[in-house]
């Protein structure tokens, strides 16, 4: 990825004003249940270490990848990479390189919601047919 593209996609989004950077991209998201359909939406990716810093807790696995789906009224679904979805090389800060590592071979990954009620699973697709869903990548 060229340096210009890298600077475009590292969005200075902050977790609730905490000053912790993350990356946000357009992906297709589908809740894994009967009859669910995919919608294209913005997904914010972070590591557990970044989430722990943002929340002031130690409830997230520091070296695990997470996806955040934001809804109205500031509600967020925090999704952890599924148990069979291990990805090596993410590190402690999620950046464009981490995104490329996570979706290099498989364009979709399964995530499990770790907050809220119930164990909802989501399939997040960032690449289809070898191309990024987000046209900016």
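Nothing in this text is a laboratory measurement; each read-out follows from the coordinates by a stated rule. Everything numeric in this text was worked out from a predicted model, so none of it was measured.
The distance separating the Cα centre of region 96-129 from that of region 39-68 comes to 12 Å. Each Cα pair under 8 Å and six or more residues apart adds its separation to the average, and for region 87-135 the resulting relative contact order is 26 percent.
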